[in-house]
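Some notes on the structure that comes next.
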Amino acid sequence: MRILISGGSVAGPALAYWLHRHGHRPTIVERAPVVRGGGAAIDFRGSALQVLEWMGLLEEMRGHETGMTAMTLVDDAGATIATLPATAISGDLEVLKSDVTAILYEATRDTTEYLFDDTITALDQDGSGVHVTFERSRPRTFDLVIGADGLHSTVRRLAFGPESQYVRHLGIYGALCTTPNILGLDRAGLMYNTAGRNALAFAARDNAELRVGLSFGADHLDYDRRDRRQQEELVAKHFAGAGWEVPRLLEAMREAEEFFFDSSGQVVMDSWSTGRVALVGDAAHCAAPTSGRGTSQALIGAYVLAGELAEAPDHTTAFAAYERQLRDYVERNQRHGRTAARWFLQPPTEPPVEVAEDVVALKQYA
Ligand SMILES: Cc1cc2nc3c(=O)[nH]c(=O)nc-3n(C[C@H](O)[C@H](O)[C@H](O)COP(=O)(O)OP(=O)(O)OC[C@H]3O[C@@H](n4cnc5c(N)ncnc54)[C@H](O)[C@@H]3O)c2cc1C
């Protein structure tokens, strides 16, 4: 089948990998001009490690393990309030997102057609296929189109309707940036929260860098998604008067080469497919960063979707089977994401008891 995937981060390349194993040569269209760098440390949990092993990538991922020890909750003066065990924050295997995407790209670049620096602009499906218009490439027809383009998915908007119908805002906005290791952390992280605000920093790249997260509660903010300075000002305004190392972190944020700002939301949909178009990963069921399960969901979802497409007599049956297998798992993760989001902006307390279960009964496809 001719299968187009929108999004070349985690879900997209993982799906392309499995589609190729089942005999297809997929195409990925990715808006960024190259594989995206930067990003948080993301973690794999439970059954996601099994999928990595079946992909032959587990050892390589382990070679890039962050080796984070613990995350310590601190007060205004930097004194320890509680220490969260490494698994609470870092899961079973934690790797920087840029390393994950680079490894997945390397594993698929020879078997997948990549169209970088482009995006789908229109989708029109009929009995013969999906007719796709791109911003830069010439129009083409595919048998299936899969949206793996994240929380703000373009495929979802074009095939299912506006984002406002599916994205539930969790009342948190946050900035993530990369700075020099100005706190001198050694494979560890520090977290400081006061009512409505959370600042965290953890060491990355053999302690050479800090990844800094500055999050705050807000219902709805109007801002220009392309105006970094405006976003920095929003962060600074919400952290005005905060203690601990926040003033230094705000200063470092302004100097940072990599900067990312977004609201934290979950994607809730009655169905992840319509006709010949389906969604996978955050585009279908983002559980929010506070769930700590988005990467595992993306990887497991890609594996199951490709497997069902290989096994089922047609794509309609495959899409239904894919969804049946993942619904419960996704709903559990989303519940956990909401609980953790409430805790995230509380004055410092012990973290919520882990309620998520990370093992899914995975079929092995031929
Ligand atoms: C700050 C932060 C911290 C996180 N921490 C964790 C964690 O600790 N553990 C964890 O498991 N998960 C975490 N996550 C979530 C995790 O990053 C996502 O769940 C995971 O990356 C989902 O993968 P995805 O491939 O579905 O989507 P994404 O990684 O969002 O990738 C979407 C891709 O689509 C591309 N794209 C977007 N629009 C278009 C378009 N129109 N055309 C073409 N391409 C497009 C983007 O450039 C991107 O490459 C965190 C996320 C954030 C933001």
*Kindly provide the set of residues from the range 148-203 that are basic (Lys, Arg) and either out of contact with any Asp or Glu (no Cβ under 8 Å at 6 or more places or on another chain) or more than 23 Å from ASP282 (Cα to Cα) (or both), ordered by number.*
ARG168, ARG187, ARG197
*If you go through the range 251-268 one residue at a time, how many are open to solvent by 10 Å² or more (accessible area, probe 1.4 Å) and touching a Leu at 6+ places or on another chain (Cβ under 9 Å)?*
8
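Does the range 269-282 contain any residue that is within 8 Å of the ligand (Cβ to nearest atom), crowded, with 18+ Cβ neighbours inside 10 Å, assigned to a helix (DSSP H, G or I) and under 17 Å from the mean Cα position of the chain (by Cα)?
Filtering the range 269-282 for residues within 8 Å of the ligand (Cβ to nearest atom) gives 280-282.
Okay, now just the ones that are also crowded, with 18+ Cβ neighbours inside 10 Å, so 280-282.
Applying the additional criterion that residues be assigned to a helix (DSSP H, G or I) yields 282.
Add one more test, that the residue is under 17 Å from the mean Cα position of the chain (by Cα), and what stays is 282.
Looking for residues that are within 8 Å of the ligand (Cβ to nearest atom), crowded, with 18+ Cβ neighbours inside 10 Å, assigned to a helix (DSSP H, G or I) and under 17 Å from the mean Cα position of the chain (by Cα), one finds at least one in the range 269-282, hence yes.
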*Which of the residues spanning the range 138-151 are open to solvent by 30 Å² or more (accessible area, probe 1.4 Å) and either free of Cβ contacts under 8 Å to residues at least 40 places away in the same chain or outside any loop (DSSP other than H, G, I, E, B) (or both)?*
ARG138, PRO139, ARG140, THR141
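Looking at the range 166-188, is at least one residue in contact with a Pro (Cβ under 8 Å, 6 or more places away or on another chain) and not in a strand (DSSP E or B)? Break it down into steps so the answer makes sense when it comes.
Filtering the range 166-188 for residues in contact with a Pro (Cβ under 8 Å, 6 or more places away or on another chain) gives 174.
Going one step further and asking which of them are not in a strand (DSSP E or B), we end up with none.
Checked the range 166-188: no residue is in contact with a Pro (Cβ under 8 Å, 6 or more places away or on another chain) and not in a strand (DSSP E or B).
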*Residues in the range 318-333: is at least one within 14 Å of the ligand (Cβ to nearest atom), under 24 Å from LEU176 (Cα atoms) and not in a helix (DSSP H, G or I)?*
no
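Residue under question is GLY292, and the condition is that it be open to solvent by 10 Å² or more (accessible area, probe 1.4 Å), small (Gly, Ala, Ser) and within 15 Å of the ligand (Cβ to nearest atom); does it hold? Show your work before the answer.
Details: open to solvent by 10 Å² or more (accessible area, probe 1.4 Å): yes; small (Gly, Ala, Ser): yes; within 15 Å of the ligand (Cβ to nearest atom): yes.
The answer is yes for GLY292.
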*Could you please give the count of residues in the range 4-30 that are more than 12 Å from the ligand (Cβ to nearest atom), touching a strand residue (DSSP E or B) at 6+ places or on another chain (Cβ under 9 Å) and either open to solvent by less than 10 Å² (accessible area, probe 1.4 Å) or on the phi > 0 side of the Ramachandran plot (or both)?*
2
*Mind checking whether some residue in the range 194-205 is open to solvent by 20 Å² or more (accessible area, probe 1.4 Å), farther than 29 Å from GLN334 by Cβ, part of a loop (DSSP other than H, G, I, E, B) and not β-branched (Val, Ile, Thr)?*
yes
*Just need a number here: residues in the range 128-137 that are open to solvent by 20 Å² or more (accessible area, probe 1.4 Å) and either within 12 Å of the ligand (Cβ to nearest atom) or closer than 16 Å to GLY8 by Cα (or both).*
3
*Counting only residues that are part of a loop (DSSP other than H, G, I, E, B) and among the acidic types (Asp, Glu), which one in the range 85-127 is nearest to the ligand (Cβ to nearest atom)?*
ASP118
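What do you reckon, is THR72 surrounded by 17 or more Cβ atoms within 10 Å (Cβ to Cβ) and either acidic (Asp, Glu) or within 15 Å of the ligand (Cβ to nearest atom) (or both)?
Numbers: surrounded by 17 or more Cβ atoms within 10 Å (Cβ to Cβ): yes; either acidic (Asp, Glu) or within 15 Å of the ligand (Cβ to nearest atom) (or both): no.
Taking the combined requirement at face value, the residue does not satisfy it.
The values are calculated or read from the model by the stated rules, or taken from the named source; none is laboratory data. Just so it is clear, the structure is predicted and the values come from calculations on it, not from any experiment. Because the Cβ atoms are built from the backbone with ideal geometry, glycine has one as well, and the counts that use them run over all protein chains shown. Ligands, DNA and RNA are stripped out before the accessible areas are found, and what is left, the full protein with its side chains, is counted by its heavy atoms. Shrake-Rupley method; radii C 1.70, N 1.55, O 1.52, S 1.80 Å.
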